[in-house]
1. From the Cα trace of the chain, what convex hull volume per residue do you get, rounded to a whole Å³?
2. Expressed as a whole percentage, what fraction of the accessible surface of the chain belongs to carbon and sulfur atoms when a 1.4 Å probe is rolled over the protein heavy atoms?
3. To the nearest 20 debye, what is the magnitude of the charge dipole of the chain about its Cα centre, counting +1 on the Cβ of each Lys and Arg and -1 on the Cβ of each Asp and Glu?
4. Compute the helix-to-body angle for 2-12: its Cα long axis versus the longest principal axis of the chain, expressed 0 to 90° and rounded to tens.
5. Could you work out the helix-only [θ] at 222 nm for the chain, with each DSSP H run of four or more residues adding -39,500 (n - 2.57) and the total divided by the number of residues, to the nearest 500 deg cm²/dmol?
6. Taking the chain, how many lysine pairs are there with alpha carbons less than 18 Å apart, if each pair must be eight or more places apart or span two chains?
7. Over the chain, what is the relative contact order in percent, taking alpha-carbon pairs closer than 8 angstrom and at least six residues apart?
8. Sketch the reach of a paramagnetic label on Lys43 as a point 7 Å from Cα along Cα-to-Cβ, and name the residues of segment 1-34 whose backbone nitrogen lies under 14 Å away.
Amino acid sequence: MKELLETIAKALVDYPEDVYVNEVEGEKSVILELKVSKDDMGKVIGKQGRIAKAIRTVMKAAAVKENKRVSVEILQ
(Lines give C-alpha, C1' and ligand atoms only; values in the text may rest on other atoms or scores of the structure.)
Protein backbone atom coordinates (compact mmCIF):
# COMPACT_ATOMS: atom_id res chain seq x y z
CA MET A 1 0.00 0.00 0.00
CA LYS A 2 2.94 2.29 0.66
CA GLU A 3 4.04 1.95 -2.96
CA LEU A 4 0.53 2.69 -4.25
CA LEU A 5 0.32 5.93 -2.25
CA GLU A 6 3.80 6.93 -3.40
CA THR A 7 2.89 6.35 -7.05
CA ILE A 8 -0.32 8.37 -6.77
CA ALA A 9 1.39 11.26 -4.98
CA LYS A 10 4.33 11.40 -7.41
CA ALA A 11 1.91 11.63 -10.34
CA LEU A 12 0.21 14.67 -8.80
CA VAL A 13 3.15 16.83 -7.71
CA ASP A 14 5.77 19.01 -9.41
CA TYR A 15 8.60 17.74 -7.19
CA PRO A 16 8.26 13.93 -7.08
CA GLU A 17 11.69 13.58 -5.47
CA ASP A 18 10.30 15.26 -2.32
CA VAL A 19 7.51 12.69 -1.86
CA TYR A 20 8.02 10.56 1.25
CA VAL A 21 5.65 7.94 2.66
CA ASN A 22 6.06 6.47 6.15
CA GLU A 23 4.09 3.34 7.00
CA VAL A 24 3.12 2.59 10.60
CA GLU A 25 1.60 -0.87 10.73
CA GLY A 26 -0.59 -2.23 13.50
CA GLU A 27 -2.38 -5.54 13.91
CA LYS A 28 -5.49 -4.63 11.93
CA SER A 29 -4.67 -1.13 10.74
CA VAL A 30 -2.09 0.84 8.79
CA ILE A 31 -1.28 4.54 9.09
CA LEU A 32 0.33 6.08 6.02
CA GLU A 33 2.01 9.45 6.53
CA LEU A 34 2.49 11.37 3.28
CA LYS A 35 5.02 14.20 3.14
CA VAL A 36 5.38 16.42 0.08
CA SER A 37 7.08 19.71 -0.76
CA LYS A 38 5.35 22.83 0.61
CA ASP A 39 4.79 23.99 -2.97
CA ASP A 40 2.91 20.77 -3.78
CA MET A 41 0.67 20.75 -0.72
CA GLY A 42 -2.25 22.32 -2.59
CA LYS A 43 -2.01 19.79 -5.41
CA VAL A 44 -2.23 16.85 -3.03
CA ILE A 45 -5.10 18.31 -1.00
CA GLY A 46 -7.06 19.86 -3.86
CA LYS A 47 -9.94 22.31 -3.73
CA GLN A 48 -11.96 21.70 -0.56
CA GLY A 49 -9.94 18.53 0.03
CA ARG A 50 -11.36 16.66 -2.95
CA ILE A 51 -8.09 15.10 -4.10
CA ALA A 52 -7.13 14.12 -0.53
CA LYS A 53 -10.53 12.48 -0.12
CA ALA A 54 -10.12 10.62 -3.42
CA ILE A 55 -6.66 9.38 -2.37
CA ARG A 56 -8.09 8.13 0.93
CA THR A 57 -10.93 6.36 -0.90
CA VAL A 58 -8.50 4.54 -3.22
CA MET A 59 -6.30 3.54 -0.28
CA LYS A 60 -9.31 2.22 1.66
CA ALA A 61 -10.31 0.11 -1.35
CA ALA A 62 -6.78 -1.33 -1.51
CA ALA A 63 -6.83 -2.05 2.23
CA VAL A 64 -10.02 -4.10 1.95
CA LYS A 65 -8.09 -6.69 -0.09
CA GLU A 66 -5.69 -7.13 2.82
CA ASN A 67 -8.42 -7.10 5.50
CA LYS A 68 -6.96 -3.98 7.11
CA ARG A 69 -8.05 -0.45 7.91
CA VAL A 70 -6.00 2.36 6.50
CA SER A 71 -5.58 5.97 7.50
CA VAL A 72 -3.79 8.50 5.27
CA GLU A 73 -2.30 11.56 6.94
CA ILE A 74 -0.87 14.39 4.88
CA LEU A 75 1.95 16.10 6.75
CA GLN A 76 3.98 19.22 6.11
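The values are calculated or read from the model by the stated rules, or taken from the named source; none is laboratory data. Everything quoted here is computed from the prediction, not taken from an experiment. Note: ideal-geometry Cβ built from the backbone for every residue, glycine included; neighbour counts use all protein chains shown. Heads up: the accessible areas ignore ligands, DNA and RNA and are worked out on the full protein's heavy atoms, side chains in. Shrake-Rupley method; radii C 1.70, N 1.55, O 1.52, S 1.80 Å.
1. 74 Å³
2. Ligands and nucleic acids excluded, carbon and sulfur reach 49 percent.
3. Approximately 520 debye in magnitude.
4. Between the helix axis and the principal axis of the chain, the angle is about 20 degrees.
5. About -12500 deg cm²/dmol.
6. For the chain, qualifying lysine pairs total 19.
7. Once normalised by length, the contact order is 34 percent.
8. Flagged as within label range: 7-20.
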